[in-house]
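Heads up, the thing below is written out as structure tokens.
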Amino acid sequence: MDDSLDDWFAREILVHERALVHYLRRCWPHTAEIHDLRQETYVRVYEAAGKALPTAPKSFLFATARHLMADRRRRARVVSIETMGDLDALNVLVEEASPEHWLGGRQVLKRLAEAFDRLPERCREVVWLRRVEELPQREVAMRLGISEKTVEKHVAKGARLIAEHFYGLPAQAEAPRRGADPEEDGRGQRQD
């Protein structure tokens, strides 16, 4: 081992241990893993410093910890795929997509697209942003310049209209009433 690297590590990196642990606790939801994250961060920093000493050790330490947490989040999202030998021996039914199954799926998708296309323009836009792009309600409201309550109403209305079209339910004939339009406030004024 290189004594000068060990001295550098103790002098420039280990002095920030308390701040590093605080940072990890604040950013990482699994407190049982904080010790492992800290140690792995130290290992990465030490190995990198063995090749070339960083010019800003503290920044390098925290950047390494941030990258390590990002790597762990990415790995947690990956689904493990294990190869299986003989599926018949495991008594697992493997259903292949028959042409009928495939065509049925295509027909359902077509009906869903038709139902979506029939939505009023603003309602369609809100449903797309909330349900397809999965944007938070607040962001949709800010992006479209409407209230969060209006976003909620558009999503509910869109779901109802899509279900009515998709499942062939009769449209509910509602008498126009004050405040029924999702883009109106309680006084009958449009919110756009």
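Taking the Cα centre of the stretch 3-77 as origin and assigning +1 to Lys and Arg Cβ atoms and -1 to Asp and Glu Cβ atoms, the resulting dipole is close to 600 debye.
Convex hull volume of the Cα atoms of the stretch 3-77, normalised per residue: 84 Å³. Once the Cβ-Cβ distance between Asp3 and Arg77 is put in as r, and R0 is 30 Å, what FRET efficiency do you end up with, to the nearest 0.05? That gives a FRET efficiency of 0.10. Between Leu103 and Arg11, the simple spin-label model (points 7 angstrom out along Cα→Cβ) gives 7.8 nm. Partners of Lys157 within straight-line reach, counting lysines whose Cα lies under 20 Å from its Cα and excluding those fewer than 8 residues away in the same chain: Lys149.
None of the figures in this text is laboratory data; all of them are computed from the coordinates on show. Being a predicted model, the structure only gives us computed values, none of them experimental. Don't worry about glycine lacking a Cβ; one is built from the backbone with ideal geometry, like all the others, and counts go over all protein chains shown.
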